1. Does I229 fit the bill of being closer than 17 Å to P110 by Cα, open to solvent by 50 Å² or more (accessible area, probe 1.4 Å) and among the hydrophobic types (A, V, I, L, M, F, W, C)?
2. Kindly provide the set of residues from the range 214-239 that are assigned to a helix (DSSP H, G or I) and near the ligand (Cβ under 10 Å from one of its atoms), ordered by number.
3. Against the definition (closer than 30 Å to L56 by Cβ, in a helix (DSSP H, G or I) and open to solvent by 50 Å² or more (accessible area, probe 1.4 Å)), how does R83 come out, yes or no?
4. Quick check on I191: is it open to solvent by 20 Å² or more (accessible area, probe 1.4 Å) and in contact with a Pro (Cβ under 7 Å, 6 or more places away or on another chain)?
5. Give me the pairs: first residue in the range 82-109 and within 14 Å of the ligand (Cβ to nearest atom), second residue of a type in the set (A, V, I, L, M, F, W, C), beta-carbon distance under 6 Å, and six or more apart or on different chains, which are they?
6. In this structure, does L157 turn out to be within 8 Å of the ligand (Cβ to nearest atom) and either surrounded by fewer than 21 Cβ atoms within 10 Å (Cβ to Cβ) or within 20 Å of F94 (Cβ to Cβ) (or both)?
7. If you go through the range 130-141, how many residues are modelled with pLDDT under 95 and buried (at least 22 other Cβ atoms within 10 Å of the Cβ)?
8. Looking at the range 63-79, is at least one residue over 25 Å from V186 (Cβ atoms), acidic (D, E), part of a helix (DSSP H, G or I) and in contact with a helix residue (DSSP H, G or I) (Cβ under 9 Å, 6 or more places away or on another chain)?
Amino acid sequence: ARTLVLTARAAPVDAARVLLVVDDRSDAVRLDAVRRDFVANTSHELKTPIGAVSLLAEALDSAADDPDQVRRFAARLSAEASRLATLVQQIIEFSRVQGADPLEEAEAVPLDEVVRAAVEHTRVGAESKGVGVVIGKKSHLWTLGDRAMLTTAVQNLVANAIAFSSAGGHVGVGLRSRDGIVEIAVSDQGIGIAEDDLDRVFERFYRTDQARSRSTGGTGLGLSIVKHIAENHGGEARVWSRLGRGSTFTIRLPEIPAPASARTPRREKE
Ligand code: ADP
């Protein structure tokens, strides 16, 4: 619905004439509602770990005579504190990408490098879970944008693919281009997503029941960050998935030619 604000003003020179001002504030009103909603959701999401931390602190205090209990409560306290830290960090990241339209400092970004860095950042998690991450062959594809943001987006997809895979699972990260669009695809053979949830996974704080019951410690913000970053770059994020079979998430971006400085002369065939 559009919000039109009609103001009637008496013109100072001629009191008989009335000036009608039509001001289209739809965008401002919508943005305001989005912001209010975000603050409400965020406060709600923060309440759970903060509540847990204060309950555990009380429990710790009353268990002072029992060293085993103290150790158990302390471990849970530390887990809740790190969950809180992740949540706060993702909230900051989310508000950063939400306000980054259009991009302030766009540069030519080599996507092979983005994929390599994103996979490197998730290496410890993949190793500790026993999930193998394989990168497809070098593509020499480029886009225009913010390298750090693009790395965050791919990293979020790879981290999810690892989190929702079982030990021994495989994650594939590939790059290809068609008709001027570069596609970064992250595939897994993990728990998959039910059809009813597919439309909603990019919403902020949305987590499927399967994800909640696995207690992967997620925040529900990762994919909404991915979506914002893709859209800030003039692209989009998509998902294909079958419950119990696995998922493929893609980020599609406008392709640009490799900058001259990055082009290596091809070796001529004899
Ligand atoms: P989270 O922090 O929970 O991973 P995201 O926004 O990244 O939050 O993802 C939202 C939800 O989408 C997840 O909680 C999960 O239900 C679902 N999801 C995301 N990636 C995958 C995947 N690779 N396989 C299965 N489900 C996924």
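The values are calculated or read from the model by the stated rules, or taken from the named source; none is laboratory data. Note that the structure is predicted; figures quoted are calculated from it, not measured. Note that we place each Cβ from the backbone using ideal geometry, even for glycine, and neighbour counts take in every protein chain shown. Protein only, heavy atoms only, side chains kept; ligands, DNA and RNA dropped before computing areas. Shrake-Rupley method; radii C 1.70, N 1.55, O 1.52, S 1.80 Å.
1. Numbers: closer than 17 Å to P110 by Cα: yes; open to solvent by 50 Å² or more (accessible area, probe 1.4 Å): no; among the hydrophobic types (A, V, I, L, M, F, W, C): yes.
Considered against the rule, which asks whether it is closer than 17 Å to P110 by Cα, open to solvent by 50 Å² or more (accessible area, probe 1.4 Å) and among the hydrophobic types (A, V, I, L, M, F, W, C), I229 comes out as no.
2. Step one: list which residues in the range 214-239 are assigned to a helix (DSSP H, G or I), which gives 222-232.
Result: G222, L223, S224, I225, V226, K227.
3. Values: closer than 30 Å to L56 by Cβ: yes; in a helix (DSSP H, G or I): yes; open to solvent by 50 Å² or more (accessible area, probe 1.4 Å): yes.
Answer is yes for this residue.
4. Details: open to solvent by 20 Å² or more (accessible area, probe 1.4 Å): yes; in contact with a Pro (Cβ under 7 Å, 6 or more places away or on another chain): no.
Considered against the rule, which asks whether it is open to solvent by 20 Å² or more (accessible area, probe 1.4 Å) and in contact with a Pro (Cβ under 7 Å, 6 or more places away or on another chain), I191 comes out as no.
5. Q90/L221; E93/I225; F94/L221; F94/I225; V97/I225; V97/I229
6. Details: within 8 Å of the ligand (Cβ to nearest atom): yes; either surrounded by fewer than 21 Cβ atoms within 10 Å (Cβ to Cβ) or within 20 Å of F94 (Cβ to Cβ) (or both): yes.
Yes.
7. Count: 0.
8. Taking the range 63-79 as the starting set, the residues that turn out to be over 25 Å from V186 (Cβ atoms) are 63-79.
In the following step, the residues that additionally are acidic (D, E) were identified as 65-66, 68.
Still in the running and part of a helix (DSSP H, G or I): 68.
Narrowing the set further to residues that are in contact with a helix residue (DSSP H, G or I) (Cβ under 9 Å, 6 or more places away or on another chain) leaves none.
No, that holds for no residue.
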